[in-house]
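Contents: one structure, followed by commentary.
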Amino acid sequence: MIPFLDLGAAYRELKTEIDAAIHRVIDSGWYILGPEVDAFEAEWATYCDAKHSVGLANGLDALVLALRSLDVGPGDEVIVPSNTYIATWLAVSTVGAKPIPVEPDPDTHNIDTTLIAPAITRRTKVILPVHLYGQPADMDPILDLARKHGIAVVEDAAQAHGARYKGKRIGAHSDVVCWSFYPGKNLGALGDGGAITTNRADLADRIRVLRNYGSRVKYVNEVQGVNSRLDPIQAAVLRVKLRHLDNWTERRRTIADHYNSALQDTGLKLTNVPIWADPVWHLYVVRSPNRDVLQKHLMDNDVGTLIHYPIPPHMQKAYSELQLDPEALPVARDLAKEVLSLPIGPQLLPEDVTHVINAIRDLT
């Protein structure tokens, strides 16, 4: 069986380094924040071409605390993609604001920047694009709109570790960039983890305080904060993996190139990559009107796949109070019916890629 993603293989490749890093933390006796987290934050900021990084407990907390640092709250609106993982919307709801969905470009699956301006109202506080599948959203039009209207931009880069937009790494284009280090991400921990990067010292400072019970001095609480601190063991693991991230990204690109070439004439719709985008292929997503048939055929041929995402946020029971008609966001609805993610992990063997391609071509 070819798994969709083999996390065990990633660990085994770096086992010696990862085990040494974990034991370093255990032997140090420092198990909350401390030098290991400080070191990762500095290394991650440098990698992202950002001035500041703050390690957090997970990607959702990164989004929530980014919004809180910008004073987003009840009565405010945040523009979000209609096509994304629900965490993007949940962050907005958690701070008491209202998510305002904007449809994706059906060719890239990222937010359609031409549809953002009509969604802006006097209540709009933030535009929150997602770099979906590891492909950058078109940031320049988004940033231009934000400056014109005096609103902030927060990026959901949970899938875009190392991606570049017009030659510059994702990490500091906007006010705050939010990261997840969930195990399945391109840069994944051995559990939950997250971070923000930014060039704004004021926002980095606010998020550092918010993540630690609203305190920078023990028992002195400036604001009502939370407990959302990157674990030092996870920071140590991430420091190891960060040294290998670019190499692993190149392996993903090689697989994506192979898929792109071999699947052109299969009838599947492939995700378009604009000339200005340098994606990191967190996911390789194809579209098919017969998606369920294709997925079953691949499973029958020992190929694991996943659907990202089978139910768009506006059709989830969690957002029934918004009373959004499924027909109101037809592009997100249709993508949910047609998308299928193929195996593309950096440990995937060339013969496995060939097997996936042959299985698809046998059906199509």
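Listed values, structure above:
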item: Per residue, the convex hull volume that the Cα atoms of the stretch 153-211 enclose (Å³); result: 75 Å³
item: Whole-Hz ³J(HN,Hα) from phi, Karplus 6.51 cos²θ - 1.76 cosθ + 1.60, for the stretch 334-343, glycine and proline x; result: 5, 4, 4, 7, 10, 7, 8, 9, 8, x
item: Isotropically averaged projected area of the stretch 173-240, using the convex hull of Cα atoms (one quarter of hull area), nm²; result: 5.4 nm²
item: Sites excluded, trypsin sites (Lys or Arg not before Pro) in DSSP loops with at most 16 other C-beta within 10 Å, longest stretch of the chain; result: 244-364
item: Neighbourhood net charge (13 Å Cβ-Cβ; Lys/Arg +1, Asp/Glu -1) for Y213; result: +4
item: Most mobile listed residue (V209, V80, V177) in the chain, GNM with C-alpha springs under 10 Å; result: V209
item: Protein accessible area in the stretch 113-264, 1.4 Å probe - carbon and sulfur %; result: 48 percent
item: Lysine pairs with alpha-carbon atoms under 26 Å apart, the stretch 131-223, spacing 8 or more or separate chains; result: 4
item: Charged-residue dipole, Cβ positions (Lys, Arg, Asp, Glu), the chain about Cα centre, Debye nearest 20; result: 720 debye
item: The stretch 272-364, accessible surface, carbon-and-sulfur percent (1.4 angstrom probe); result: 53 percent
item: The chain - share of DSSP beta bridges that are antiparallel (%, nearest 5); result: 60 percent
item: Selected from L335, L324, L348 as most flexible by GNM, with the chain as the system and alpha-carbon contacts under 10 Å; result: L324
item: Between the stretch 96-137 and the stretch 1-62, the alpha-carbon center distance in angstrom; result: 30 Å
item: Accessible area (Å², per residue) of the stretch 66-215, counting only protein heavy atoms and a probe of 1.4 Å; result: 32 Å²
item: Cα-Cα separations in the stretch 65-213 greater than 22 Å, expressed as whole percent; result: 35 percent
item: Given charges at beta-carbon only (K, R positive; D, E negative), |dipole| of the stretch 1-118 in Debye; result: 260 debye
item: Rounded to whole Å, sorted largest first: equivalent-ellipsoid semi-axes of the chain, Cα gyration tensor; result: 32, 28, 17
item: Where the stretch 310-359 is the region considered: accessible area per residue in Å², 1.4 Å probe; result: 47 Å²
item: In the stretch 256-343, chymotrypsin sites (Phe, Trp or Tyr not before Pro) in a DSSP loop with at most 15 other beta-carbon atoms within 10 Å; result: W276
item: Exposure of D105 as accessible area (Å², to 10), given a probe of 1.4 Å and all protein chains; result: 50 Å²
item: Dimensionless Rg/Rh of the stretch 228-351 - Kirkwood Rh, Rg from C-alpha atoms; result: 1.04
item: Alpha-carbon Rg with Dmax, taken over the stretch 81-169, Å; result: 12.4, 36
item: Debye-sum result for the stretch 19-148 in log10 I(q)/I(0), which assumes one identical scatterer on each alpha carbon, at q = 0.11 Å⁻¹; result: -0.50
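The values are calculated or read from the model by the stated rules, or taken from the named source; none is laboratory data. Treat the numbers as computed from the prediction; the structure is a model and nothing was measured. Here the Cβ is made from the backbone with ideal geometry for all residues, glycine too, and neighbour counts use every protein chain on show. Side chains are part of the model used for accessible areas, which takes the heavy atoms of the whole protein and leaves out ligands, DNA and RNA. Shrake-Rupley method; radii C 1.70, N 1.55, O 1.52, S 1.80 Å.
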